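A quick write-up on the structure given underneath.
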Amino acid sequence: MKQHWIALTLGAVLAAAVISPVTHAEEPAQRRVAVVIDDFGNSMTGTEQMFELSIPFAAAVMPFLPSTKSDAEKAHSLGKEVLVHLPMEPRKGKASWLGPGAITTRLTDEEIRERVIAAIEDVPHAIGLNNHMGSRATADERVMRVVLEVCAERGLFFLDSRTTDKSVVRKLSKELGVKTAENHIFMDDIYTRSHILKQALKVQKHVKSHEVTVLIGHVGPPGKHTASVLKESIPVLQGQGAVFVPISQTMHIP
């Protein structure tokens, strides 16, 4: 019982920290915050709650799934940007987590190219890509060269979800002239509300000291919690001088 009371108290403190006002004296006049929500495309929990958020965000939609097209069309109709959430090989994890059409290091260059093009063509209104998983693939220069060459040909950008610190996306994007940006904070890499609240505090801290903050959340198991915490965080971040912008406005050639 004592442990349960402590847990509840911790949650209450974190919640209060997220929704409490902040002082303006030491804050910059304006900071840009771009939100990306991954894993649309399979009618996942929290989809409806995410679409109710008032801020601009990018809907990263996985290809070849039951609600791929309807989720992309819904996001576009609401004025949200759409990304292809491209499944890519991780160093660890189950193959079943990837979904169909995954980019793996065992594929030939032509097979990678065909899969990337097919994924782009399966997600309506996509203006860029980001990686789903991909800690192995995004560190592989051969694989990423093919992926980014397709982006260059199609005029698409690539958002590096940064599932590994060994990513070669920045290096190759510069070489190939592809616009890119990097994720800074995963909101819900652990699915509990208490963890998501802690991540919201990290977002606040990052905003204070950086001109651009990119954060990624997910529909699925943490979806409703993430949507709720994001909704609570909006006025707090705006109080810090933050402006929510589409992810496309953070893109640049390194």
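The values are calculated or read from the model by the stated rules, or taken from the named source; none is laboratory data. This one's a predicted model, so the numbers in the text were calculated from it and none came from an experiment. Note: ideal-geometry Cβ built from the backbone for every residue, glycine included; neighbour counts use all protein chains shown.
Couple of notes before you dig in:
Listed here are the residues, each with its yes/no results for (1) surrounded by 11 or more Cβ atoms within 10 Å (Cβ to Cβ); (2) in contact with a Cys (Cβ under 7 Å, 6 or more places away or on another chain); (3) modelled with pLDDT of 95 or more; (4) in a helix (DSSP H, G or I).
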{"position": "Ile6", "(1), (2), (3), (4)": "no, no, no, yes"}
{"position": "Val18", "(1), (2), (3), (4)": "yes, no, no, yes"}
{"position": "Ala34", "(1), (2), (3), (4)": "yes, no, yes, no"}
{"position": "Asp38", "(1), (2), (3), (4)": "yes, no, yes, no"}
{"position": "Leu53", "(1), (2), (3), (4)": "yes, no, yes, no"}
{"position": "Lys74", "(1), (2), (3), (4)": "yes, no, yes, yes"}
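- Condition met for Ile253 (surrounded by fewer than 16 Cβ atoms within 10 Å (Cβ to Cβ) and in contact with a strand residue (DSSP E or B) (Cβ under 8 Å, 6 or more places away or on another chain)): yes
- Scanning segment 192-242 for residues that are farther than 23 Å from Leu159 by Cβ and in contact with a Ser or Thr (Cβ under 7 Å, 6 or more places away or on another chain) yields a single hit, Lys224.
- Looking only at segment 206-241, residues that are surrounded by fewer than 19 Cβ atoms within 10 Å (Cβ to Cβ), in a helix (DSSP H, G or I) and not hydroxyl-bearing (Ser, Thr, Tyr) come to 9 in all.
- Pair list, Cβ under 8 Å, 6 or more apart: segment 180-205 residue closer than 30 Å to Cys151 by Cα and outside any helix (DSSP H, G or I), other residue of a type in the set (Asp, Glu) and at pLDDT 95 or above: Thr180/Asp160; Ala181/Asp160; Glu182/Asp160; Asn183/Asp160
- For segment 130-139, a residue qualifies if it is at negative phi and either buried (at least 24 other Cβ atoms within 10 Å of the Cβ) or in contact (Cβ under 8 Å) with a residue 40 or more places away in the chain (or both), and the qualifying residues are Asn130, Asn131, His132, Ser135, Arg136, Ala137, Thr138.
- Among the residues of segment 214-252, those identified as within 30 Å of Asn42 (Cα to Cα) and touching a Pro at 6+ places or on another chain (Cβ under 6 Å) are Phe244, Pro246.
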